[in-house]
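Read through the structure below, which is laid out as structure tokens, and then see the notes.
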Amino acid sequence: MEMYRSHVLVCAGAGCISSDCKSVQQALLANINDLRLDNEVKVVETGCMGPCDLGPVVMVFPDGVFYRKLKPEDTREIVNEHLLKGKVVTRLLHSPVGSSEKVVSFNELEFFKRQTRIALRNTGVINPESVEEYIARDGYRALGKALSQMTPEEVVITIKESGLRGRGGAGFPTGLKWQFTAAAPGSPKYVVCNADEGDPGAFMDRSILEGDPHSVLEAMAICGYAIGANKGYIYVRAEYPLAVERLELAISKGREYGLLGENIFGTGFSFDVEIRVGAGAFVCGEETALLASIEGQRGEPRPKPPFPAQEGLWGKPTVINNVETLANIAQIVLNGAPWYASMGTEKSKGTKVFALAGKVNNTGLVEVPMGTTLREIIFDIGGGINGGKKFKAVQTGGPSGGCIPEAYLDTPVDYDSLNELGTIMGSGGMIIVDEDTCMVDLAKFFLDFVQDESCGKCAPCRIGTKRMLEILERITSGQGQEGDIELLEELSYGIKNSALCGLGQTAPNPVLSTLRYFRHEYEAHIRDHKCPAAACPELLTYYIDPRACKGCGVCSKACPSDAVIGEKKKPHTIDLNKCIKCGTCKQKCKFDAVITV
Amino acid sequence: MSSINLTIDNMQVQVEPGTTVLQAARQAGIKIPTLCYLEEINEIGACRICLVEVQGARTLQASCVTPVSEGMVVRTNTTQVRQVRKMNLELIMSNHPQECLTCPRSTNCELQQLASELGITEIKFAGEMSSYEPDYSSASLVRDPRKCILCRRCTSVCENVQKVNAIGPQERGFNTIVAPAFLEPLGEVSCVNCGQCALVCPTAAIHEKDQTAEVWKVLADPKKHVVVQTAPAVRVSIGEMFGLQPGSVETGRLVAALRKLGFDRVFDTDFTADLTIMEEGNELLQRIKEGGKLPLVTSCSPGWIKYIEHFYPEMLPHLSTCKSPQQMFGALAKSYYVEQAGIDAADIFVVSIMPCTAKKFEAGRHEMADSGHQDVDVVLTTRELGKMLREAGIEFSALAEEEYDAPLGMSTGAGVIFGSTGGVMEAALRTAYELVTGETLPALDFHAVRGLEGVKEASVNLNGTTLNAVVAHGLGNAMDVLERVKAGHQYHFIEIMCCPGGCIGGGGQPIPTNREVREKRMAGIYNADQGMVIRKSHENPAVQALYKDFLGEPLGHKSHQLLHTHYMPRNRH
């Protein structure tokens, strides 16, 4: 193996790709070649490192120097100064929000320092297209251990004792699922990886598939051994083309190296994996809909029981595990159940990956032990709210979850604590909202999402979520009526109690939780026709502050409905009968004279 | 396995393993309302009306899909259960046009009935309604998606019973619509027009194409000589339109009612059913003798014909070239009958009363005009006839029985049993046996081909030659039989009827048509056969006269011209 004195890791996660890391990488390579350093310095394209808002990001090892927000032209300096002369380029280092101090190493950043990366152990560290790099980091050792030193029953017991619960949302104990499937009569059995990640703002699974695909394949093979299956399917959404590409490559490499396929490691155990690409339906993340889709049927849930462990794919016993769940498996097998169970809370063991999104400074991907408080995640790791605004709430669990207000920021995060607060862990999306967000509007956003993604099979979800959305639209447009809140509550409880699948049963959660914590905002919309966050355009009234207005006339010219009147150089006024509340005047005014109430 | 004990509404109930909570409740005499549920056909838990509380369950459970378990505690009548059932029904109704007064299914609508049973007095959840346009493209059926409550019964019957898959859920969420793939018009896809979807629809989202106006118009036209033919299966079901029991044999009153409506002549399709036996029976014997294409497959059922044209075009040579009895009748009415009666063929109008929606399509096939005119002008279903009789104020059950007109009203018991699965086969065997052996059949009833079993086989010894016969009803079973033929099974004669139970279970029959109703109508058919003086087609004197005076001989030149047809391969999609 060739030796290099320095490795430059270029993050090629989707966030960095969209901030054009490819150009940065090309420039980096060109500059390295120019200085003939290509025998000494190796550039590695990795999966997502996590701090997506800082992209494109690059780490230089062995020191772990962390450069952020790079432009292609910055690379010349990095190559000239850092890689050639060993001098860190200070101006390209990161200073956390509220600090002017430049931090050199990624290890010193709160964002990385407070994380415990198990599922993400290789993501952002290795080249995901290199099976050798995966193997170099203990890859496929767990499979070897399971096949050569453990009985299938021992593997199941290990996973059970680790306390690992399903990371896709519902939190069902993984080992129990494996045990049920192993014990179920019927053959053949199947292992299915659910990679139909679809919550708005969630990208944990994509990052793992793109950054460390072998960790999923290895885990599927271990599961296959444990339950007696020789075939696995990965159901991945079509919107993840890079994940599909890297999985395909990983599968073919796995077969080539004898890590998948017939007679793995000469043990007589055979296991192979196929990819099935989804067609863009959120509901296919629901396990029975997912199975229907793999079978070539319309992706619709069916009643349970029978559960997939008894009658799954093509009616055969099937384990369905989410990507992140699987990404933990190899580490648990290698390090033992007690090691994993030593992390986390009483009923929620290990770590959890969260996708931070919304009004937080450090948007991106983080992995922390269960039981970490929301405050640590949002403020210490996430760097707090951006723009100096005030935290209002965090939505967890995507459209199936709910919001948590400031009063509960010190709650240790685990499956049960979130349930008590009226939300769910879900797949790990955390959308942080600030004081400018209207909570009725937030609930409307998620209801709009679920009613659009409803498969249409059962009546409460198909029609009920539509009716809920209509009521929310009414409220946010100032047409709310007395009794609307009660109607929303009646629909919410009815749908929760009677929908066929998890999508419908959890669809009212965003409404219920915003009603629980922010009922006054609903009431203000309905009774006072006011949006307390000043976010619902139809409930705003535009005024011009005569003290601030210079009479420049810019707003008057820009107004599409000729609602702004006034003489030049004298304070203008808005004719409220003509105003269509488009907000153009407010955007155009250089003197902040246009105010909304 | 031993039985399972559970508690429903504080009652101890003991049922077989595998029973659903709904079935268990019914066995215990507890009524749970249902909407999308259709026993053995549609058990998908979609409407969420049959909800019950199951102790320990996180949410209410749909009883139609929840299996019982030992020690289960179920409550079917709690405040929560009633409230959520009502909410779901109100939601369904909030997207259903409130047009009951003008709806073709008014007073026979399960949604209407359920709203009354659950005590719905208002719909709290007004909002946007589905706006898909009705589809009039089919010759047989009309789809009105606005009235569809997406119970999926139609798609289940189309997919699982008929295995045609012409319609299914398209789009998603609130925009979900039951329609052909890519929202193609029904008239342009591989729908076979069987109308089983219309039979199971709880509302008027799929119904027969109503052609009663055309018949009213022609009945009022003094220049037209309007004749009507009645299919065998109509006589045992028409009474249901007037509150009589399924299977009640109403031949005489049916004739009287049609005369009252104003038809000039009331004839019977049973006559041409007998004729079919003469032609098809001889075709079979000829094929056996001359080494023709075997097995021979019956061609009476127009849904079946369109099915084989779409899905097994390579097997079309197996089909008998005989037209269906309806079409033979039309061709003879406009040739033989007009000649005898001295009427201009342009002035005669032929109406059929059929248990069938596919017959509407069949009557419109271009090749069905061998008389020089379209052989059959309008086809009405049993339901449409019932509607006309009601509109005319004819009190069906008070009518005195009357006889069919001669000569096309003369028939035998063999003609009647065409209305049930196995009937064509039995009629053919009665005749073939006597034609081949020259002996009188010792026992007329062939029980092996009767009943609701999906595929029935029988072997008959004809003068030392064994004739292997097979009977299938419902296209899913038909498919099985065709696959057996492909796999090399040695059959000589196959009877296929498109609809489950045969024509007694046809898509044009009164609603409801379920297993129990089918069994009763079938019993009615065999009762009618028993009551006939002549029970063998070749003994029908009017048929004998027809050959003597007009056709010459079975499979003769004139027969070929008027009574036989050809088929066309169609695309699968």
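Values in this text are rule-based calculations from the coordinates and carry no lab data. On a predicted model such as this, the values are computed, not experimentally measured, just so you know. Here Cβ is always computed from backbone atoms with ideal geometry, including for glycine, and neighbour counts include all displayed protein chains.
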| task | Within region A:275-341, report the GluC sites (Glu not before Pro) that DSSP leaves as loop and that have at most 15 other Cβ atoms within 10 Å. | result | A:E295
| request: Work out the charge dipole of the protein assembly as shown with +1 on the Cβ of Lys and Arg and -1 on the Cβ of Asp and Glu about the Cα centre, then indicate which of B:I32, B:V416, A:L409 is farthest towards its positive end. | output: A:L409
| query | How many percent of DSSP beta bridges within region A:131-341 run antiparallel, rounded to 5? | reply | 10
| message | Just to confirm the number: angle between the C-alpha axis of helix A:174-183 and the first principal axis of chain A, 0 to 90 degrees, nearest 10? | response | 50
| task | Please label the shape of chain A as rounded, prolate or oblate, based on the square roots a ≥ b ≥ c of the eigenvalues of the alpha-carbon gyration tensor (a/c under 1.5 means rounded; beyond that, a/b larger than b/c means prolate, else oblate). | result | oblate
| In degrees, nearest 10, range 0 to 90: what is the angle between the Cα axis of helix A:509-523 and the longest Cα principal axis of chain A? | 20
| field | Cβ-placed point charges (K, R +1; D, E -1), dipole of the protein assembly as shown about Cα centre in debye, nearest 20 | value | 2340
| task | Compute the Cα gyration tensor for region A:1-146, then decide on rounded, prolate or oblate, letting a ≥ b ≥ c be the square roots of its eigenvalues: rounded whenever a/c is under 1.5, prolate when a/b is larger than b/c in the other cases, and oblate in all that remain. | result | oblate
| request: At most 13 other Cβ atoms within 10 Å and a DSSP loop assignment: could you name the GluC sites (Glu not before Pro) in region A:499-597 that fit? | output: A:E567
| remark: Taking a straight Cα-to-Cα line shorter than 24 Å from B:K217, and setting aside same-chain lysines fewer than 8 residues away, one finds B:K209, B:K260, B:K334, B:K359, B:K360, B:K387
| request: Rank the residues A:T351, B:T272, B:T107 as a footprinting-exposure proxy: fewest other Cβ atoms within 10 Å of their Cβ go first. | output: B:T107, A:T351, B:T272
| task | Evaluate the charge dipole of region B:42-85 about its Cα centre and quote only its size in Debye, nearest 20, assuming +1 on the Cβ of each Lys and Arg and -1 on the Cβ of each Asp and Glu. | result | 220
| Separation between the B:N165 and A:S105 pseudo-spin-labels, each 7 Å from Cα along Cα→Cβ, expressed in nm? | 6.1
| field | Shape call, the protein assembly as shown: gyration tensor on alpha carbons, a/c limit 1.5 | value | prolate
| Could you put B:F174, A:F61 in order, starting from the residue whose Cβ has the fewest other Cβ atoms within 10 Å? | A:F61, B:F174
| remark: Reduced to Cα centres, the span from region A:354-424 to region B:100-128 in Å works out to 46
| Projected label distance in nm at B:D9 and A:S148, using a 7 Å step from Cα toward the beta-carbon | 6.6
| query | Out of region A:35-87, which trypsin sites (Lys or Arg not before Pro) are coil in DSSP terms and have no more than 12 other C-beta atoms within 10 Å? | reply | A:R36, A:K87
| Within region A:451-597, what is the number of lysine pairs with alpha carbons under 16 Å apart, leaving out pairs fewer than eight places apart on the same chain? | 22
| message | Charges on Cβ only, +1 for Lys and Arg, -1 for Asp and Glu, centred on the Cα centroid of region A:131-341; of A:I264, A:I222, A:Q179, which one is farthest towards the dipole's positive end? | response | A:Q179
| message | Suppose the chain between B:A398 and B:K31 were pulled fully straight at 0.36 nm per residue; how much longer would it get relative to their current alpha carbon spacing? | response | 128.6 nm
| task | Give the angle, between 0 and 90 degrees and rounded to the nearest 10, that separates the Cα long axis of helix A:323-335 from the longest principal axis of the Cα atoms of chain A. | result | 40
| remark: A correct fewest-to-most ranking of A:T596, B:T565, A:T181, A:T288 by other Cβ atoms within 10 Å would be A:T596, B:T565, A:T288, A:T181
| message | Let me spell out the model: positive unit charges on the Cβ of Lys and Arg, negative unit charges on the Cβ of Asp and Glu, origin at the Cα centre of chain A. What dipole size does that give, in debye rounded to 20? | response | 1040
| For the protein assembly as shown, share of DSSP beta bridges that run antiparallel, in % to the nearest 5 | 55
| task | Calculate how many DSSP beta bridges within region B:213-563 are antiparallel, expressed in % of all such bridges and rounded to the nearest 5. | result | 25
| note | From the Cα centre of region A:134-213 to that of region B:333-369, the distance in Å is 69
